[in-house]
2 protein chains.
Amino acid sequence: MADSRLDFLFCPRSLAVVGASPNPDKQGYRYASQLVSFRFRGNLYLVNPRGGDLFGCKVYRSLAEVPGEVDYVVSTIPASAVLGLIEECASKKVKVLQMYTAHLAETGQKEGKELQDQIVAAARAKGLRLLGPNCMGVYHPKVGLSFRYNFPRESGTAAFISQSAGHTAEVVHRAAARGVRFSKVVSYGNAADINETDLLVYLGEDDETRVIASYIEGVSDVPRFLEVLARATRAKPVIVLKVGRTEAGSRATTSHTGSLAGSHSLWQAALSQCGAVQVDSVEELIDLLVTFYFLPVARGATMGVIGAGGGGSILSADECESRGLRVPPLPADVVEEVKKLVGDEWVLVKNPVDTSVIFPAGWTHEELRRIFELIARNPLFDVLMADVGEWMPDIPEEIPRFHALLDTYLDVARTSGKPMAIIIRSGDYFEDWRWKLTMEGQARCTEAGFPVYPTIARAAQALSQFIRYHLRRSAEGQTL
Amino acid sequence: MADSRLDFLFCPRSLAVVGASPNPDKQGYRYASQLVSFRFRGNLYLVNPRGGDLFGCKVYRSLAEVPGEVDYVVSTIPASAVLGLIEECASKKVKVLQMYTAHLAETGQKEGKELQDQIVAAARAKGLRLLGPNCMGVYHPKVGLSFRYNFPRESGTAAFISQSAGHTAEVVHRAAARGVRFSKVVSYGNAADINETDLLVYLGEDDETRVIASYIEGVSDVPRFLEVLARATRAKPVIVLKVGRTEAGSRATTSHTGSLAGSHSLWQAALSQCGAVQVDSVEELIDLLVTFYFLPVARGATMGVIGAGGGGSILSADECESRGLRVPPLPADVVEEVKKLVGDEWVLVKNPVDTSVIFPAGWTHEELRRIFELIARNPLFDVLMADVGEWMPDIPEEIPRFHALLDTYLDVARTSGKPMAIIIRSGDYFEDWRWKLTMEGQARCTEAGFPVYPTIARAAQALSQFIRYHLRRSAEGQTL
């Protein structure tokens with residue numbers, strides 16, 4: 001069972017920013033202005049010994065001056081002042097203290113470690129839960145909690161917990177651009193008190209959350225973590241990016257959050273046994289989040305692929321099969337139907353479908369649609385993959401063709417009810433219309449409920465992990 | 001020695017498009033209009049039995065009607081008419097016939113294979129070299145030859161040969177957006193006559209070309225190809241994407257260009273022995289092309305890394321070391337200098353440098369620059385890597401900071417003379433200013449002569465291949 005004080009981490013009735021500042025370069029300014037801009041649903045109090053006004057709010061000179069109880073305190077003050085703050089928190093019945101404050105255990109210096117230990121002990125003695133130190137805190141859009149200006153205002157069903165604040169920014173921004181919205185996101189830094197395990201217990205039981213992603217540098221109680229993880233993965237997919245897999249990486253986790261990375265091969269085996277979806281990079285984590293967010297259950301690993309041109313078709317086949325997915329030839333019943341449709345030219349139609357032969361053969365989008373329908377409907381195929389990338393038009397006049405192709409893919413997949421991954425290569429072009437078209441294409445896919453990927457390899461990698469997860473679940477006799 | 005007729009493939013004095021069409025949907029229209037738009041430097045002739053005018057040029061009713069000799073003919077007419085065209089070519093002393101014309105061996109049908117064999121035999125009997133069939137042809141910007149509207153008009157020193165036309169479009173567009181310009185690019189399709197080996201001989205000896213990339217589905221004379229490849233890699237880096245590594249991929253090479261892919265493990269061993277730089281995807285091929293295009297020789301595998309935030313630093317360390325690069329702690333002499341610079345706070349400075357500690361510690365870009373300088377100048381470090389990705393500003397007001405960071409990285413690397421890879425994450429955002437800033441950042445890097453990558457993993461992968469190439473060359477006692 002989750003600690004009920006964590007309810008206050010996500011849904012505080014009142015929140016005080018201690019260290020609120022009128023200087024826009026200071027994090028104490030940013031926290032305050034972000035909470036105002038996100039219309040935080042509880043009472044917001046700003047605290048700074050200098051007093052005054054900020055964003056039309058009174059600035060209290062101390063936490064003690066704040067009227068009434070405070071559930072959640074954000075600290076941006078120096079580490080040396082935190083023990084004093086904890087005393088004040090206790091008299092205000094604060095439930096959670098989130099420390100942006102850093103320069104503690106992660107420095108690797110004796111003084112920093114000792115002070116962090118003292119802070120934790122003092123907080124525990126007062127019944128106060130501590131988030132951080134050295135963290136950005138909580139993004140919970142439903143109640144207007146955020147630590148970045150540009151995170152989406154709307155809620156969704158994805159959760160992300162991370163020891164790195166930079167990664168929370170990257171994951172939320174990038175996944176949001178690909179259609180994902182979040183239930184709860186936590187940057188938890190040094191994990192001195194509230195840690196990955198506490199958060200995993202909470203999010204595993206959280207009805208708002210359907211998929212959990214995590215970025216983990218170190219774990220203090222490994223057996224308990226693995227037990228909690230195994231329980232969470234039975235409830236919903238849990239994606240884990242466990243770093244520190246090399247000597248230099250492991251050294252860097254110590255100086256980042258004071259975490260001990262541990263042996264990577266042992267971690268790999270243990271995570272796999274718990275049913276976690278393991279990834280090696282932030283982009284792979286985002287790809288998996290997007291995949292689980294959008295796709296229905298996969299029943300098997302047999303792929304029907306529409307592979308852009310000839311070269312793209314070959315790469316799709318290679319990228320899928322080298323990851324254990326199957327790209328078989330079209331079955332006899334599909335071939336018979338293709339023959340009825342296009343006569344002698346049936347020889348041009350394969351799996352993957354090379355769409356570059358379609359128009360030179362004199363066929364239209366209608367023939368393409370009917371060919372893809374025959375594949376999508378056939379029970380042999382479990383999962384679809386469509387690559388529109390190489391069709392990126394050469395000149396603006398060809399834009400309608402791009403949209404027509406996308407129409408075909410989206411319509412057919414929607415009707416079939418099967419999971420489909422769509423590949424649209426990145427908009428990193430200097431021409432305004434190309435970038436816009438890329439983003440328009442991506443938006444059309446996500447609005448239609450399909451995940452979109454920037455390369456064939458990333459789509460194949462995400463699908464292979466996604467399918468493996470579902471096959472394992474199904475082998476265990478469980479359904480989502 | 002290269003066949004001197006291949007000079008006409010790249011530098012024809014005159015070129016005829018047979019099948020030139022006034023219909024913009026036809027490839028015969030596109031070839032003609034692209035050559036006009038690229039200001040092809042030789043005489044351009046358009047041929048179509050219907051005659052008339054197109055783009056202000058007379059359309060001849062047959063090749064025979066064209067006045068004078070023709071070096072290069074592009075055929076967009078049906079396969080069944082090509083044997084007749086070869087007769088006409090012979091009387092016009094045509095040197096090279098490029099067949100966009102397809103529907104031959106790649107259909108897998110007996111008729112197609114036989115007709116392709118007849119075409120090759122007829123061409124050889126007339127002393128005519130054949131490019132294709134089933135290919136887009138040549139992009140040689142210096143003489144105004146192109147098969148896509150939006151390829152760059154300027155020349156460079158990268159060459160690319162590909163059995164896939166789609167990949168040529170993708171590679172040229174994407175590499176161009178990252179600052180690469182091309183000497184010569186060939187889409188060679190079924191390779192019925194002119195093949196990868198002929199082109200590799202030519203480009204290996206070509207003074208305009210400093211790096212060669214290739215996308216290969218199958219090779220007909222493997223021993224000769226390997227001999228030529230080994231020779232070429234002694235002259236310049238040769239990047240090879242050999243596909244058909246799985247059963248489905250290999251089936252797809254057969255239906256794309258009628259190529260036999262062969263055993264992938266044998267290919268891997270053979271390519272490695274020849275000193276080729278092997279890649280598995282188009283994006284990796286582009287990354288390597290960008291890397292070899294921009295970076296000077298790497299002397300070793302020890303990396304000095306500026307790693308954006310804490311999380312980014314750990315991932316940089318993991319991604320580098322898991323690929324055999326070394327990310328050691330800062331050496332004692334650098335640590336001493338850092339102590340002089342920032343006093344007690346020296347504990348915050350590591351390799352990778354976590355730039356997120358810099359500004360909270362009260363330092364400015366000046367301290368950051370001097371820290372990076374100490375690393376860049378130190379003889380321990382062979383190659384630099386800088387990640388600006390997580391600094392992508394949250395609000396437009398933070399744009400100057402992004403540029404200041406980039407200034408620092410570029411200035412320091414330029415002064416040090418060491419190879420540096422820069423990571424700027426993709427511009428796939430819906431906000432106009434974010435996309436523009438990304439592209440501006442990328443352009444600043446490439447204009448300063450540095451390669452830019454969209455992810456840490458891709459930068460580390462490209463650097464590891466690049467460094468391995470140079471270490472091998474240096475072990476062989478060769479210098480570039």
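Look at (1) open to solvent by less than 40 Å² (accessible area, probe 1.4 Å); (2) under 27 Å from A:VAL185 (Cα atoms); (3) polar (S, T, N, Q) and you find that A:SER62 fails only one, number (2).
Among the residues that make up region B:374-393, is at least one of them of a type in the set (D, E, K, R) and loosely packed, with under 15 Cβ neighbours inside 10 Å? No; the residues of region B:374-393 include none that is of a type in the set (D, E, K, R) and loosely packed, with under 15 Cβ neighbours inside 10 Å. Going through (1) away from chain B (no Cβ under 12 Å); (2) crowded, with 23+ Cβ neighbours inside 10 Å one by one, A:THR197 falls short only on (2).
Taking the criterion of being out of contact with any Ser or Thr (no Cβ under 6 Å at 6 or more places or on another chain), closer than 22 Å to A:ALA159 by Cβ and part of a helix (DSSP H, G or I), the residues of region A:225-254 that qualify are A:LEU226, A:GLU227, A:LEU229, A:ALA230, A:ARG231, A:ALA232, A:THR233, A:ARG234, A:ALA235. A single entry from A:PHE225, A:PHE151, A:PHE147, A:PHE160 fulfils the requirement of being under 16 Å from A:ASP287 (Cα atoms) and in contact with a helix residue (DSSP H, G or I) (Cβ under 8 Å, 6 or more places away or on another chain): A:PHE160. In summary, A:VAL74 fulfils each of the numbered conditions (1) more than 14 Å from chain B (Cβ to nearest Cβ); (2) open to solvent by less than 40 Å² (accessible area, probe 1.4 Å); (3) out of contact with any Phe, Trp or Tyr (no Cβ under 6 Å at 6 or more places or on another chain) with the single exception of condition (3). Taking B:GLU205, is it surrounded by fewer than 23 Cβ atoms within 10 Å (Cβ to Cβ), touching a residue at least 24 places away in the same chain (Cβ under 8 Å) and more than 14 Å from every other protein chain (Cβ to nearest Cβ)? Here the answer is yes, as B:GLU205 does meet what is asked.
Yes/no matrix, rows are residues, columns are (1) within 14 Å of another protein chain (Cβ to nearest Cβ); (2) assigned to a strand (DSSP E or B):
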site: A:ILE161; (1), (2): yes, yes
site: A:ALA175; (1), (2): yes, no
site: A:GLY179; (1), (2): yes, no
site: A:SER183; (1), (2): no, yes
site: A:ALA191; (1), (2): yes, no
site: A:TYR215; (1), (2): yes, yes
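Listed conditions (1) aromatic (Phe, Trp, Tyr); (2) in contact with a strand residue (DSSP E or B) (Cβ under 8 Å, 6 or more places away or on another chain); (3) surrounded by fewer than 20 Cβ atoms within 10 Å (Cβ to Cβ) are all met by A:PHE359, apart from (2).
Going residue by residue through region A:126-139, is there one that turns out to be farther than 25 Å from A:PRO296 by Cβ, open to solvent by 20 Å² or more (accessible area, probe 1.4 Å) and within 14 Å of another protein chain (Cβ to nearest Cβ)? Checking region A:126-139: at least one residue is farther than 25 Å from A:PRO296 by Cβ, open to solvent by 20 Å² or more (accessible area, probe 1.4 Å) and within 14 Å of another protein chain (Cβ to nearest Cβ).
Would you call A:TYR100 within 27 Å of B:SER313 (Cα to Cα), in contact (Cβ under 8 Å) with a residue 12 or more places away in the chain, touching a Cys at 6+ places or on another chain (Cβ under 9 Å) and surrounded by 24 or more Cβ atoms within 10 Å (Cβ to Cβ)? When the stated conditions are applied, A:TYR100 passes them. Restricting attention to region B:317-347, the residues that are facing another protein chain (nearest Cβ under 7 Å), part of a helix (DSSP H, G or I) and open to solvent by 30 Å² or more (accessible area, probe 1.4 Å) total 1. Those residues that are at pLDDT below 95 and surrounded by fewer than 19 Cβ atoms within 10 Å (Cβ to Cβ), I need them from region A:300-316; list them, please. Residues satisfying the conditions do not exist here. Looking across region A:103-119 at every residue that is crowded, with 19+ Cβ neighbours inside 10 Å and at pLDDT 95 or above, the one that is nearest to B:SER313 (Cα to Cα) is identified as A:GLN116. Would you mind finding the one in A:ALA123, A:ALA230 that is more than 14 Å from chain B (Cβ to nearest Cβ) and touching a residue at least 60 places away in the same chain (Cβ under 8 Å)? Just one listed residue meets the conditions, A:ALA123.
When the residues of region B:219-232 are narrowed to those that are of a type outside the set (Lys, Arg) and open to solvent by 10 Å² or more (accessible area, probe 1.4 Å), which ends up nearest to B:ARG473 (Cα to Cα)? Spell out the reasoning first.
Step one: filter region B:219-232 for residues of a type outside the set (Lys, Arg), giving B:219-223, B:225-230, B:232.
Those left that are additionally open to solvent by 10 Å² or more (accessible area, probe 1.4 Å): B:219-223, B:226-227, B:230.
Details: B:VAL219: 26, B:SER220: 28, B:ASP221: 26, B:VAL222: 24, B:PRO223: 22, B:LEU226: 18, B:GLU227: 17, B:ALA230: 12 Å.
Among those that are of a type outside the set (Lys, Arg) and open to solvent by 10 Å² or more (accessible area, probe 1.4 Å), it is B:ALA230.
Which members of region A:141-151 meet the condition of being within 14 Å of another protein chain (Cβ to nearest Cβ), over 29 Å from A:ARG224 (Cβ atoms) and either over 13 Å from the mean Cα position of the chain (by Cα) or free of Cβ contacts under 8 Å to residues at least 12 places away in the same chain (or both)?
Of the residues in region A:141-151, the ones within 14 Å of another protein chain (Cβ to nearest Cβ) are A:146-151.
Among the residues that remain, those that are also over 29 Å from A:ARG224 (Cβ atoms) are: A:146, A:148-151.
Hits for region A:141-151 are A:SER146, A:ARG148, A:TYR149, A:ASN150.
Checking region B:422-433 against the condition returns a match, with at least one residue being in a helix (DSSP H, G or I) and either away from chain A (no Cβ under 14 Å) or free of Cβ contacts under 8 Å to residues at least 60 places away in the same chain (or both).
Residues in region A:407-425 include at least one that is in contact with a Leu (Cβ under 8 Å, 6 or more places away or on another chain), under 19 Å from A:ARG369 (Cβ atoms), at pLDDT 90 or above and among the charged types (D, E, K, R). Scanning region A:394-420 for residues that are open to solvent by 40 Å² or more (accessible area, probe 1.4 Å), among the charged types (D, E, K, R) and closer than 24 Å to A:PHE430 by Cα yields A:GLU397, A:GLU398, A:ARG401. Check region A:155-170 and report whether any residue there is over 28 Å from B:GLY307 (Cα atoms), at pLDDT 95 or above and open to solvent by less than 30 Å² (accessible area, probe 1.4 Å). Yes, there is a match, as at least one residue in region A:155-170 is over 28 Å from B:GLY307 (Cα atoms), at pLDDT 95 or above and open to solvent by less than 30 Å² (accessible area, probe 1.4 Å). Restricting attention to region B:348-388, the residues that are assigned to a strand (DSSP E or B) and basic (Lys, Arg) total 0. When region B:23-39 is filtered for residues that are more than 13 Å from chain A (Cβ to nearest Cβ) and surrounded by fewer than 20 Cβ atoms within 10 Å (Cβ to Cβ), the ones remaining, listed by number, are B:VAL36, B:ARG39. The set of residues in region B:255-303 being within 12 Å of another protein chain (Cβ to nearest Cβ), of a type in the set (Gly, Ala, Ser) and outside any helix (DSSP H, G or I) consists of B:GLY258, B:SER259, B:ALA261, B:SER281.
I'm trying to understand the selection: among the residues of region A:40-59, which are open to solvent by 30 Å² or more (accessible area, probe 1.4 Å), of a type in the set (Gly, Ala, Ser) and touching a strand residue (DSSP E or B) at 6+ places or on another chain (Cβ under 6 Å)? Before you say what the answer is, go through the steps one by one.
Step one: filter region A:40-59 for residues open to solvent by 30 Å² or more (accessible area, probe 1.4 Å), giving A:41, A:43-45, A:49-50, A:52-53, A:55-58.
Keeping just the survivors that are of a type in the set (Gly, Ala, Ser) gives A:52, A:56.
Answer for region A:40-59, where residues must be open to solvent by 30 Å² or more (accessible area, probe 1.4 Å), of a type in the set (Gly, Ala, Ser) and touching a strand residue (DSSP E or B) at 6+ places or on another chain (Cβ under 6 Å): just A:GLY52.
Residue count for region B:443-455 under the criterion of being assigned to a helix (DSSP H, G or I) and open to solvent by less than 10 Å² (accessible area, probe 1.4 Å): the result is 1.
The values are calculated or read from the model by the stated rules, or taken from the named source; none is laboratory data. Small disclaimer: the values here were computed from a predicted structure and weren't measured. Please note: Cβ atoms are built from the backbone with ideal geometry, for glycine as well, and neighbour counts cover all protein chains shown. Just the protein is used for accessible areas: all its heavy atoms, side chains included, with ligands, DNA and RNA removed. Shrake-Rupley method; radii C 1.70, N 1.55, O 1.52, S 1.80 Å.
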